[in-house]
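Please read the structure below before turning to the comments.
Readers should treat all values here as calculations from the given coordinates under stated rules, not as data from a laboratory. Everything numeric in this text was worked out from a predicted model, so none of it was measured. Cβ sites come from the backbone with ideal geometry, for glycine too, and all protein chains shown count toward neighbours.
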Amino acid sequence: MNAGLAVTERADALQLRSVTAGYGRSTVLREVTLTVPAGSVVALLGPNGAGKTTLLRAAAGLLRPSAGTVTVTGRDVTRSSPHQRARAGLCLVPEGRGIFPSLTVRENLQLQLPSWRGHGGRGRGGGIRGSGGRGRDSGRGNDSDRENSGRGNSAVDAALDAFPVLRDRLRQVAGTMSGGQQQMLALARCYLSDPAVVLLDEVSMGLAPRVIDQIFESLRGLAASGVSLLLVEQYVSRALEMADVVCLLGRGRVGFTGAPSELDGDELVRGYLSAGHDPGTAAVSAHGADPAGTGQ
Ligand SMILES: Nc1ncnc2c1ncn2[C@@H]1O[C@H](COP(=O)(O)OP(=O)(O)OP(=O)(O)O)[C@@H](O)[C@H]1O
């Protein structure tokens, strides 16, 4: 994984140290320090507007901090581009999925396959063969899908194994799939770039419980394979079930970092129902307990 990098074996997968960041003159994150240890799942919780998405964007290089440092597997990426951070082992699954709705599933997978893993048949791997050949296959897992070789293709296979429904829909225009299938396509990138750490922003948003179950199952598989996860999730209990560490963010500051078992459940719920607490003064502040019946 991440060949060529000076990676300390047990380096934290991701670390933000005293990061301050915002938009224009508006400071959102204030000296935030957050660590995702190698091989662990960290749940990042907080009320609406706390800065969770901003933190993920700062980690991924989409937003340049005004102060502080970001490291990925021990490597300082503070001044690196999003592409360089991806190559260093970081993968962001943004809120809203970030897929190309007018392209087919196959084309989306091909575009998500990073160049260093054999994009589109160029360079080091074979990509997804036949990606332009809409008339050449039945749309189900066919010979050209299975014949491929190289790192790119094993990555695609891993993604399709994680989400078999995508294998059945390679020729389908992504935007015509259900919300859950589109989210699975977005999550496929976790397998395509061989990441050390995946940042997940509200991946269950607007999905039915059965689909959320499938998605969390895939995330558990990803975590079991050694990939570290930083999980921003509206379904608090699901996030806490998976998490080794929970980090509470309020008004751009970290108020609590520790094991989920150290959190008082009642206080957590109270905190969620009273968004806007400053976790520096409140025991717990996070937005909304598991949202009941929203968008199901
Ligand atoms: N592109 C932007 N330009 C200016 N301000 C922004 C921008 N994006 C977010 N903000 C502001 O930054 C603050 C933090 O937003 P952010 O989306 O990071 O919070 P969040 O914790 O992810 O909240 P939510 O759960 O509602 O997504 C909010 O006050 C928001 O209005």
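Okay, here's what the table says:
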read-out	value
Sites TYR23 and GLN84, calculated FRET efficiency, Cβ-Cβ separation with R0 25 Å, nearest 0.05	0.65
Cα shape, segment 204-259, gyration tensor, a/c 1.5 rule	oblate
Full-stretch length increase - LEU62, GLU217 - with 0.36 nm per residue and alpha-carbon distance subtracted	53.0 nm
Full-stretch length increase - THR257, THR69 - with 0.36 nm per residue and alpha-carbon distance subtracted	65.8 nm
Debye intensity ratio in log₁₀ form over the Cα atoms of segment 158-260, taken at each q of 0.10, 0.14, 0.20 Å⁻¹	-0.30, -0.57, -1.07
Potential lengthening between ALA224 and GLU31 on full extension [0.36 nm per residue; Cα-Cα distance subtracted]	66.4 nm
FRET efficiency estimate (nearest 0.05) - Cβ-Cβ, ARG210 to ASN48, R0 35 angstrom	0.85
Exposure proxy order (Cβ contacts within 10 Å, fewest to most) of TYR23, TYR235	TYR23, TYR235
Segment 67-93-segment 196-252 distance, computed between alpha-carbon centres (Å)	20 Å
Förster-model FRET efficiency, 45 Å R0, ASP76 and LEU103, C-beta, rounded to 0.05	0.80
Sequence of VAL28, VAL173 once ranked by neighbouring C-beta atoms within 10 Å, starting from the fewest	VAL173, VAL28
